Every structure is written in C-alpha cells, then in structure tokens.
Amino acid sequence: MVESWSFLDTAESNFRPLVVIELAKGTKEETIEWFTKRIVDKKANGGAQLLIKPLVTENGVENIYLVGASHLRLLLGAEAVGLVKECSDNSMRTFTYSSRKTFKHFADDNHNFLTMAECQYIIKHELENLRAKDEKMIPGYPQAKLYPGKSIVRRLLTSGVLVQIFPLHDREELKKLSHSWYGRVKIGYQPLDDIRCYFGETIALYFGFLEYFTFALIPMAVIGIPYYMFAWEDYDKYVMFATFNLLWSTVILEVWKRMCAILTYRWGTLLMKRQFEEPRPGFHGVLGINPVTGREEPMYSSIKRQLRIYLVSLPFVCLCLYFSLYVMMIYFDLEQWALDYHKENESNFSSLMLYVPSIIYAVVIEIMNLIYRYAAEFLTSWENHRLESSYQNHLILKVLVFNFLNCFASLFYIAFVMFDMKLLRQSLATLLITSQILNQFAESLLPYWLQKRYNRRMKKRMCSKKTDMDLSLADQVNMEKEMGTYLGTFDDYLELFLQFGYVSLFSCVYPLAAVFAVLNNITEIYSDALKMCRVYKRPFAEPTANIGVWQLAFETMSVISVVTNCILIGMSPEVDALFPDSKMDLVLTVALVEHLLLAVKFIMAFVIPDKPRDIQMKLAKLEFESLEALKQQQMKLAAESLQE
C-alpha cells in the first residue's frame, strides 16, 4: 500500500454521523477532552483518526457525540478489518486500497461503495482498538486504572463514564427496508441482501436460516395433516412418517450448510480471515506478557478457571437440573389431580381443567429458563474466560443442557416411564403452543407496545415545540438512545432449537407439531423484522461465515430424535405384537433399525458436500492465485537481494 495513515486529515466538510457515543452526565471536562483527542489523533500517535462532533440540542451541548470518518479513512479501515468485496471479474477478493480500482462499483467519488453497516463496523473496530499508551488512569477518574495495551473504550464502559455506543439508523433506508420486508403481507422470500446491507451478516444469516427452516418444515406439515386426521391411533402407520422425519432432519441441515456457503460467499464473509482474537472485555487478571503476541495483557491461571468450572459451575448446573426435575414431578401431581377431578365431575369445565396443569407448567418452564439464563451468564462471566468465543461456547453449553432437560424431560418421562401416549400427545401440543405464544408476546409484542408509547410521547413533545414533524438529527439521536438494545441472535436461535426438538423428537406421536411450527415461524419472521426496525437500536454489523455452534446443536438434536422415534415405534402395540415370544428380539430389532438409520444419516451427511461445486472451485482458484502471488513476491525479493 503506497498510502499510509499519516496523510489522512481529521477534518472533512461533509461530515456524515455514523455512530453515537453517550457519556455519563457530569463527565469531567478533562476526561472528555482526553477521550475525543484520542479518537481524532493520528494512527501513528495511537489514535483512531476518526471525526467526532458534539451533538448540539436546544439545551446546548450535551454529553453525546457523533462519530464519523472521511471516505479515505473508511477505505483504509476496510482493508484493516479484511472486508471482502466483489471485483470487476465477478470474483470475491479481500479489499486493498492499492487495488481499489479493480473492485466493482468503485469510484473515488462513490461514497456508497461501502455500505453504512460496513462503515459503522469499521468505526466500532477502530474505537475498540484504542489502546492506552503511557496513561496509568483515565484522566479525572484516578480509580479507573489503565495499563499499556488496555482497551480505552472497555475501561470507560466498566467504570461508568461511557454509557453506550450505538450506530445510527438511516431513516430513509430503514423505511425502504421496512416496506419490502414486513410492510405488506406477501408470499415470497425475504430481502436478505438488503437486510445484510443494513444490519450485517449475522442478523441476515439468522433470518435466512429462519426462512429456510420454515420452508423445510412445510413437507413435514403437509404429510403430518393426513396422518393426524386418518391414522391417529395406528402407531404402526407412523413408521414411514417417522423414517421420513429422520431423513428429513439430516437433509435439511446438510442442505442448509450449502445455502449458508452460497450466501456468505456472495456477502464476502466466507473468505474473511479470522484474526487473532483479542481478550474479551470482562477478562481480568495479573498484568503479564502474552507469549504468542508479545503484548502486555491480563494473565489468568487456567487451573483456577478449571477449578471454578468443576467445583462451582458444574455443581450449580446439576442443582438446577435437579430442581427442574423436582418441578416436573409437581407437574405430574397436578396432572393426576386434574384427571381425578375430571373422573368425579365429568363436565365441560373438568375437561378444560385437564389442560390447565400443562399450561401452568409451560409458563413455569419459560420463567425458569429466563432465571437460569441470568445465572448462567453470571457464572460464565465469573469463570473469567479470556476469549469471547470460549465464553460463548461455555454459556451456550450451560443454557442448552438446562433448556433441553427443562423443556423435554417431562415428555421423556411420559413416553418412557409412564408409557402414556395420549398424555404425551396432549403435553407436547400444550407445551409447544404455549411456549410459542409466550415467546411472541415477550419478544415482540410487549417491547413494540412499550416503544410505541415512548415514541408517541416524544412526538407530542416535539409537536409542542415546533410544527415541523420531520425528525431533526438531535431528535433522532435522543429517540434512538432510549430504545432497547438488541442482545444478539442467541435467544432467537435457542427458540428455533427448542422448536426443532418438539418437531423431531416425538414426530410419530404428534404429527401436527410441524404445522404449528410453520404457522409460528411465519408470524416470527414478521414480528422479528418489526422489532429489528422499530423496537431496538440498530445493532453493529458482525461478519460471520455460518451459524456457528448452533449447527452442531441442531445436528445433535437430530441424532437424539433418531433414538427417541425408534424406541417409540418399538413400544407401539402393533410392533410389540410381532414379537410375542421374546422381548429381547424386539429390543435387538429396534436397536438394529436405530443403528441402520444412524448409519444412513451419517452417510448422507458425508455424501452431501458442505459447499457447492462452483464455490469450491472459486475458493481453490483464489487460494492458487494467492500462492502464486506470494511466490512471485518471494522471487522478486530474492532477485533484489542478489543485485545488492
């Protein structure tokens, strides 16, 4: 790269606000001056070399600042974070400033070459990489200690000086996206490319998976309806349905890998190289030298972490699992009470009372999941994991284990201990439908109603001050800073994971589960789109190449579903009648069928490539060209050294 950071100017006539920084009220002037100076300082001096301006309102200058960057600064930042863009020859390559002319739609005066989400991601990356140099503390706050290499933004957040950092909405683009996304009810695909351009790859990939999973459920729903209507009690007729379910669950997960590769290649994230992971914000320890990077950073003994995991976290999780089972037994006592009450009274009211225990238990399950989630986050943070990926993996493992047992333990107990298929059907239907209603209300309807009330109050306040109803920049910032913060796709994927369990684990008992899942997901697409556009602050874009550990979670659930469905079919009276003399023959036959189905499942997973052939060829071509370029560079250096 011929150009360097030093020639960049920190002033630009056309300032475009991209990110908002809100400081705490009463923040000391010396702190503000030091922080803003570090933001605008040149890279050579340890700054971010960005543009920053205070937000001026009718009350004067508040502790809210708008951050932007020059077009040139953003292009150099795109190279620094390794963004991948489309070239003129339709190939995808890592963007470099020196070869900028080779990229499609690039022009020196085209400020839309980088999407707004990409620009905001670059600014977030630069702010998070502001590091302390010689400072021992935050100026004005001697208790907020700093050391060389410490992230300044993270220290300001933990000390309470920095309230929040969030990207601004583009109201015109948001209006267009809202109209094409959820503004009108239509049968068709979501505008995933537009969602990616506005919200980034992680959120677009979630909505792509939600859409794909909904379409994949339709064959199950179509086949399940006639099974429900015409073969309710004939469990032997469910053998074909259960077998189809097992093969279906394998095929959809493997095909999704291919769909995911197609999307992320088109978006460029499939090619993005993962850089060395920085320590997560909450990581703490004694200051030391990292033997890999040579940087000064906190060091924490892995032995201490393992002791915390196995002596505190693991017993706590086991205790919670025991409590979940205890609540489950209370639920069965309530079921027995409702059944006895119905036998005594034989009325319409007593018939309705049969569903009350399941509804109460479904509500209790959701409450327990919510409480446990907070406890799991606290414990995982206390374990003091160095990397964000390690933190997320341990958190997801804790939450999945508890949610799986909490949601499905009662169904396993009814099926394999009580052998009550009628109660299993009733409980599965009640748990599925109740959890879907509660999730829709808690995740979308309630936050939307609260946000709409707040927006109405804000508009009334603005109407009393002026007649122009168009939001000024100050009004927009003040409205957005009060909106809720989107905490990521964790809960959304967890909801789909549990739904996949309800559909696949006991498919031969309740074929209508897929029908209710399809109906829920159709409304989920619209409600999730609504909350992203109207309820929450705009989240920062996060590049990703796949759905991560959730792919493994779904695949594990599909393996468990093979076992449960085989056992359920083996327990049916019709299959049991085929082995009147020896139950051992029945067990061995069921085990053989289960192993054969698992073998077919794993063979299919192996045979179906994770990436389409054309993408494999493009990736191989890029790798070959990069090796050739490296070889040419080495030969050039060798020739120069010989001439010297």
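Within the straight-line cut-off of under 30 Å between alpha carbons, the lysines reachable from K618 are K85, K101, K104, K257, K273, K601, K631, K636, sequence neighbours fewer than 8 places apart in one chain being disregarded. Extension gain for the segment Y326 to L72, taken as residue separation times 0.36 nm less the Cα-Cα distance, is 85.3 nm to one decimal. Taking the dipole about the Cα centre of the chain, with the C-beta of Lys and Arg at +1 and of Asp and Glu at -1, give me whichever of M418, Y182, I39 is farthest to the positive side. Of M418, Y182, I39, it is I39. Counting only protein chain heavy atoms and rolling a 1.4 Å probe, the accessible areas of H111, H385 rank, largest first, as H111, H385. Segment N290..L552, full-extension length gain: 91.2 nm, with 0.36 nm per residue of separation and the alpha-carbon distance subtracted.
For the chain, what % of the accessible area comes from carbon and sulfur atoms, probe 1.4 Å? Walk me through the intermediate numbers first.
Details: 20380 of 32340 Å².
The C+S portion of the solvent-accessible surface of the chain is 63 percent.
Using a 10 Å Cβ count of at most 12 others and DSSP loop calls, identify the longest part of the chain lacking such chymotrypsin sites (Phe, Trp or Tyr not before Pro). It works out to 420-644. Can you tell me the 0 to 90 degree angle between the C-alpha axis of helix 583-607 and the longest principal axis of the chain, rounded to 10? Helix 583-607 sits at roughly 30 degrees to that axis.
Between beta-carbons, use under 12 Å as the cut-off and find the net charge around I359, counting Lys and Arg +1, Asp and Glu -1. Please list the in-between numbers first.
Details: positive: none; negative: E335, E366.
Neighbourhood net charge equals -2.
Shown here for segment 477-577: GluC sites (Glu not before Pro) in loop regions (DSSP other than H, G, I, E, B) with at most 16 other Cβ atoms within 10 Å, namely E482.
Calculated FRET efficiency, K621 and V559, Cβ-Cβ r, R0 30 Å, to nearest 0.05? Display every interim value, and only then the final one.
Values: r = 36 Å, r/R0 = 1.19.
The formula returns an efficiency of 0.25 here.
Extending 7 Å from the Cα toward the beta-carbon at both D109 and S178 defines two label points whose distance is 3.4 nm.
Pairwise over distinct Cα atoms, reciprocal of the mean inverse distance: report the Kirkwood radius of segment 497-615 in Å, one decimal place. Intermediate results must be reported in sequence, preceding the final value.
Values: mean 1/r = 0.0557 Å⁻¹.
Here the Kirkwood hydrodynamic radius works out to 17.9 Å.
Estimated at 0.36 nm per residue, the fully extended path between Q143 and M418 surpasses their Cα-Cα distance by 92.9 nm. Under a model in which nothing but the beta-carbon of Lys, Arg (+1) and Asp, Glu (-1) is charged, the chain shows a dipole of about 1900 debye around its Cα centre. Working note: Cα atoms of segment 301-385, range along each principal axis, descending, whole Å: 65, 17, 8. With the simple model of a label 7 Å out from the Cα in the direction of the Cβ, K25 to L307 spans 4.5 nm. Computed over protein heavy atoms with a 1.4 angstrom probe, the accessible surface ordering of L588, L395, largest first, is L588, L395.
Averaging sequence separations of C-alpha pairs under 8 Å and six or more residues apart, then dividing by the length of segment 301-385, give the relative contact order as a whole percent. Walk me through the intermediate numbers first.
Working: 25 pairs, mean separation 33.3, N = 85.
It rounds to 39 percent for segment 301-385.
Within straight-line reach of K28, meaning a Cα separation under 28 Å, sit the following lysines at least 8 residues removed in sequence or on another chain: K37, K42, K43, K53, K124, K133, K136, K145, K150, K481, K537. Each residue, M240 and D89, gets one label point 7 Å from its Cα in the Cβ direction; the gap between the two is 5.3 nm. Taking all Cα pairs closer than 8 Å and separated by 6 or more residues, the relative contact order of the chain comes to 18 percent.
Nothing charged except the Cβ atoms of Lys and Arg (+1) and of Asp and Glu (-1): what's the magnitude of the dipole of segment 588-644 about its Cα centre? Round to the nearest 20 debye. Write out the running numbers ahead of the final one.
On the way: 7 positive and 8 negative charges, 49 e Å.
The calculated dipole for segment 588-644 is roughly 240 debye.
The values are calculated or read from the model by the stated rules, or taken from the named source; none is laboratory data. For clarity, every value in this text was computed on a predicted model and none was experimentally measured. Because the Cβ atoms are built from the backbone with ideal geometry, glycine has one as well, and the counts that use them run over all protein chains shown. The area values use the complete protein model at the heavy-atom level, side chains included, leaving out ligands, DNA and RNA. Shrake-Rupley method; radii C 1.70, N 1.55, O 1.52, S 1.80 Å.
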